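What follows is a short report on a single structure.
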Protein chains: 2
Amino acid sequence: MDYFVSIQLDKNSKTPLYQQLGDSLYDLIEKDILKANTKLPTIRSLAKKLKVNNVTVVNAYKYLEKKGVVYAQVGSGTYVSPIPIENTPSPIPFEEKKEIKQITMTKDTINFASISPSTDLFPVESFKSIVNEILERDKGNAFSYQESQGYEKLRESIADCLKSYGIFTTEDKIQVISGAQQGIDILSKALLQYGDTLFVEKPTYHGAIAAFQSRGARIIELTLEFDGMDLEVLENYLKIYHPKFIYLMPYYQNPTGYSYSLKKKRAILDLAEKYNTYIIEDDYLSDLNYSDEKNVPLKALDHRNRVVFIKSFSKILMPGLRLAFLVVPKNLMPSILSAKQTTDITTSGFIQRAFDLYLRKGLWKNHIKDICKIYKNRYLCLTSLLDEHLKDEISYIAPNGGLSIWIKLNNSIPLDKLSDLLLSRNVIIAPGSLFFLSKESSNYIRLSFAAVNEKQIQKGILILKKAIDSLKSSSSSIQPIL
Amino acid sequence: MDYFVSIQLDKNSKTPLYQQLGDSLYDLIEKDILKANTKLPTIRSLAKKLKVNNVTVVNAYKYLEKKGVVYAQVGSGTYVSPIPIENTPSPIPFEEKKEIKQITMTKDTINFASISPSTDLFPVESFKSIVNEILERDKGNAFSYQESQGYEKLRESIADCLKSYGIFTTEDKIQVISGAQQGIDILSKALLQYGDTLFVEKPTYHGAIAAFQSRGARIIELTLEFDGMDLEVLENYLKIYHPKFIYLMPYYQNPTGYSYSLKKKRAILDLAEKYNTYIIEDDYLSDLNYSDEKNVPLKALDHRNRVVFIKSFSKILMPGLRLAFLVVPKNLMPSILSAKQTTDITTSGFIQRAFDLYLRKGLWKNHIKDICKIYKNRYLCLTSLLDEHLKDEISYIAPNGGLSIWIKLNNSIPLDKLSDLLLSRNVIIAPGSLFFLSKESSNYIRLSFAAVNEKQIQKGILILKKAIDSLKSSSSSIQPIL
């Protein structure tokens, strides 16, 4: 307790004595010599020890209390405050978010909501040997700053890989990013000023909406038909609103699974040129094609450099890599590179080097082939079960690719009740309302098969059927038929 | 050449014949059957083959030309366009950037400009064994999506590690991020609306300025004195401008190397409370302390939850990890978490898991001890050389920590000439003007010793001396003495 004797007060200083004493005590508290919740000496004993008036100590304690460093307990004395005391200053608003329920997952949960692959499909073993090869080869360089545009060799091997998608580009038009979400965020920064307008499909991916909103942009939803946006509506809107860009997913769109017809793809490119706007093409899983026809990305048709192409590896390879890339019209590259620098300087060089080797060894193409087979089987299993058990209850357009099916409920079953009922039976689905900017009711659900195997799909669809049946009968027994 | 025979035209269709023909040719081009720069058949031969008028073919070729898919070469014929043709539509503006010269580095370059450690100081071997342990232990889980706030175990071990900094917090107040730059970007999104005001030190880190500008914020620079901002100026400005936050680096500030006095730190916390604002404390290298005194971060004094603490591992460990964290007042957490989700969903779980183990094994603390010794020696070497050779030419305040020294040139030597002259002798420095928002001339340079060893420092300082001498004599011989 004799820390207090060490306190030196200078009666000739301009700083009042109480403040000198307060600061000295503050020092002892900060240096953790006086621990949290320690009782300070009584007024009288400290005053006597330091040869000052009682009032000086009283004021020193008050001074510390005002700073939040000590607290007084009536009838007991003054104590050192713990840090931090959460006394919550006024909150600062951020844009409103759609509430996504926190759901506790167990081993038995049948997860039709996730479009991320289950971990057993990750090529961990081959990636492990790649990682070690990189560490052996590059040593410390694997962990130095990477150029902001991306590791040059990776950009080369990406350009090479893109040829098989019908996209012919060079490494100077590729920007490496930490996942597709970052791509959307960076494009928002590079292309959107406060108050700018852009178009999205309706419904669409909520993460994109959130990024656009965060730039203070005006977002206009255009209804998505089974083969793309309505061209007449699009042209009318382009005339009126002059959007900075149109954000779309031409293959197995999230959440609908719809794909654009070649005719609409061409027309949209023509419209982009005519109305001087850009298209952001989010290609998150065109690789998962279960048909015999070849997919043609918009970027492969982009003769006039109107398309920014985003490709992620999260849904195909491993989401935890946080790796994706953009193919960018040359004239947009400087602003996109600036935005990347401002956002996080660079994507992990270590991961970039590993993925470069993964591409160069042909492991990427093999992996796609492998998982495409697995997902196709799940897809066929899911659709045949839907057709068998739920034919009268639902309708959907078969996507023939991707990782999910957009299902319309034919009867007016309240979706929140259906979700809750399924959840109580350990089945999770994504309600369609999640994917609309306007808070409208929806009679759609997105059923995904990324994270469920065939056994789980079978079990899950039977549970879904029962849930629909029970809600149908209960709703018909309560509501009069008009 | 007989792909053309396969073209089917329907004379009864509503689509004009030329367009049908154009679309069919377009298909052949897209499918890469007609390759880039292939010559299309002559008008007459194709018309004859397809039994249509010449005009139909002429119009089909014109239709394709308008789409950018083919190009006509006068006197020669029509050819398939390569993709992409960069015909650069009108560029979209992004905020103006300070030009940083592209400098070609060689093995012999003496780099006084970088504050990133040289790769030979990275703990690659220990990290390699950690990485393998993680892959063995967590398998596919190492690559699944991580929770947006960060891997829980890592947040626990960070909270534990922070105790030695005098910061007592819990894992629910920690947000894992992909580097300090991302921290600044995310805080900008969470706290700044378009048109909001904030304060920064003058001079300061240009990456922070760029992130704030990208939010459309009004940035006010407050001159940094050797012991922190001027409190009177700060209070006056707080009264007038009501900033959303004050961004500062209390230890070994970038670029000045200055550190805040305890008195000023306390006063700034009091002012933040009084004027209801926040402080963003960017702690990028308080660990590199070459004095005997203990550093006390602002966050350790933050009894009223006014401080958001950013800590990066880039400068201490390996920049390529892209890993850092925030300690956040509880009430700000929801908006910061939202902003993180919008920005890139989550930081690589693989890297988070590896770094968690690195912390738990005590390797982090050992590494700091090791590199602190190395950097201290470089620091002592650099300062003693400056004192020996450049005493009359420069002045500086010894930072006693960090990775750089902020040097004022006593004579009015044109800095651009000095930089160029040094560059021609293979020495790079960071001119002070880089760190001011206002484009003012500056007679400061930042000399960093992160990426140079003692031998390079010795050589570099002698070159610097010669360069200053030669510019001094040349300027005095040209300019008349007034």
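The values are calculated or read from the model by the stated rules, or taken from the named source; none is laboratory data. Everything quoted here is computed from the prediction, not taken from an experiment. Here the Cβ is made from the backbone with ideal geometry for all residues, glycine too, and neighbour counts use every protein chain on show.
Structure notes:
- Condition met for B:P243 (at pLDDT 95 or above and under 17 Å from B:F435 (Cα atoms)): no
- Among (1) at pLDDT below 95; (2) assigned to a loop (DSSP other than H, G, I, E, B); (3) farther than 24 Å from B:S148 by Cα, the one test that A:K101 misses: (3)
- Selection count where residues are among the basic types (K, R) and within 21 Å of A:L224 (Cβ to Cβ), scope region A:378-419: 1
- Note on region B:392-434: residues that are under 27 Å from the mean Cα position of the chain (by Cα), of a type in the set (S, T, N, Q) and part of a loop (DSSP other than H, G, I, E, B) amount to 2.
- Residue in region A:248-265 that is in a strand (DSSP E or B) and either hydrophobic (A, V, I, L, M, F, W, C) or under 30 Å from A:F112 (Cβ atoms) (or both) present: yes
- Remark: pairs (first residue in region A:187-201, within 8 Å of chain B (Cβ to nearest Cβ); second residue part of a helix (DSSP H, G or I) and among the aliphatic types (A, V, I, L, M); Cβ separation under 7 Å; 6+ apart in sequence or on different chains) = A:K189/A:A339; A:A190/A:L332; A:A190/A:I336; A:A190/A:A339.
- Pick from region A:158-169, criterion more than 8 Å from chain B (Cβ to nearest Cβ) and buried (at least 19 other Cβ atoms within 10 Å of the Cβ), ranking: nearest to B:S126 (Cα to Cα): A:I158
- With respect to the conditions (1) more than 31 Å from the chain's Cα centre (by Cα); (2) at pLDDT 90 or above, B:S476 falls short on a single one, namely (2).
- Complete set of residues in region B:1-52 that are loosely packed, with under 13 Cβ neighbours inside 10 Å and either over 20 Å from B:E65 (Cα atoms) or touching a residue at least 60 places away in the same chain (Cβ under 8 Å) (or both): B:M1, B:D2, B:V5, B:S6, B:Q8, B:D10, B:K11, B:N12, B:S13, B:K14, B:K51
- The listed residues are B:Q193, B:Q253, and the only one of them that is out of contact with any Asp or Glu (no Cβ under 6 Å at 6 or more places or on another chain) and at pLDDT 95 or above turns out to be B:Q253.
- Unique match (being closer than 26 Å to B:Y194 by Cα, assigned to a strand (DSSP E or B) and either touching a helix residue (DSSP H, G or I) at 6+ places or on another chain (Cβ under 8 Å) or among the acidic types (D, E) (or both)) among A:E281, A:E221: A:E221
- Among residues that are under 30 Å from B:E65 (Cβ atoms) and free of Cβ contacts under 8 Å to residues at least 60 places away in the same chain, A:Y247 is not included.
- Scope region A:6-52; condition assigned to a loop (DSSP other than H, G, I, E, B) and closer than 30 Å to B:T169 by Cα; matching residues: A:I7, A:K31, A:D32, A:I33, A:L34, A:K35, A:A36, A:N37, A:T38, A:L40, A:P41, A:T42
- Going through (1) away from every other protein chain (no Cβ under 11 Å); (2) more than 26 Å from B:E293 (Cα to Cα) one by one, A:K66 falls short only on (1).
- Selected residue (criterion: modelled with the lowest pLDDT) from residues of region A:273-296 that are of a type outside the set (S, T, Y) and crowded, with 22+ Cβ neighbours inside 10 Å: A:L285
Residues checked against (1) under 30 Å from A:Q458 (Cβ atoms); (2) surrounded by 14 or more Cβ atoms within 10 Å (Cβ to Cβ); (3) more than 10 Å from chain B (Cβ to nearest Cβ); (4) modelled with pLDDT under 90:
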residue: A:K97; (1), (2), (3), (4): no, yes, no, yes
residue: A:T106; (1), (2), (3), (4): yes, no, yes, yes
residue: A:F112; (1), (2), (3), (4): yes, yes, yes, no
residue: A:D120; (1), (2), (3), (4): yes, no, no, yes
residue: A:A142; (1), (2), (3), (4): no, yes, no, no
residue: A:Q146; (1), (2), (3), (4): no, yes, no, yes
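- Positions within region A:14-32 being within 10 Å of another protein chain (Cβ to nearest Cβ) and of a type in the set (F, W, Y), in sequence order: A:Y26
- Residue within region B:206-226 that is over 22 Å from B:F435 (Cα atoms) and not assigned by TED's automatic domain parsing to the domain that holds B:R378 present: no
- Qualifying residue in region B:217-225 (condition: on the phi > 0 side of the Ramachandran plot and more than 11 Å from every other protein chain (Cβ to nearest Cβ)): no
Residue by residue, here is whether (1) of a type in the set (G, A, S); (2) assigned to a strand (DSSP E or B); (3) in contact with a Leu (Cβ under 9 Å, 6 or more places away or on another chain); (4) buried (at least 23 other Cβ atoms within 10 Å of the Cβ) holds:
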residue: A:V176; (1), (2), (3), (4): no, yes, yes, yes
residue: A:Y194; (1), (2), (3), (4): no, no, no, no
residue: A:F212; (1), (2), (3), (4): no, no, yes, yes
residue: A:N236; (1), (2), (3), (4): no, no, no, no
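- Among (1) facing chain A (nearest Cβ under 10 Å); (2) of a type outside the set (G, A, S); (3) farther than 15 Å from B:V327 by Cβ - the single one B:I184 does not satisfy: (3)
- Number of the exception - A:V55 against (1) part of a helix (DSSP H, G or I); (2) in contact with a strand residue (DSSP E or B) (Cβ under 6 Å, 6 or more places away or on another chain); (3) surrounded by fewer than 17 Cβ atoms within 10 Å (Cβ to Cβ): (2)
- Pairs with Cβ under 6 Å, 6+ apart, first in region A:252-280 and more than 8 Å from chain B (Cβ to nearest Cβ), second of a type in the set (V, I, T): A:G257/A:I405; A:A272/A:I279; A:I279/A:I246; A:I279/A:V307; A:I280/A:V308
- The lone criterion from (1) at the interface with chain B (Cβ under 10 Å from one of its Cβ atoms); (2) assigned to a helix (DSSP H, G or I) left unmet by A:D172 is number (1).
- Condition broken by B:N54, with the remaining ones in (1) under 25 Å from A:L298 (Cα atoms); (2) more than 44 Å from the chain's Cα centre (by Cα) satisfied: (1)
- Search result, residues across region B:324-351 that are among the hydrophobic types (A, V, I, L, M, F, W, C) and modelled with pLDDT of 95 or more: B:A324, B:F325, B:L326, B:V327, B:V328, B:L332, B:M333, B:I336, B:L337, B:A339
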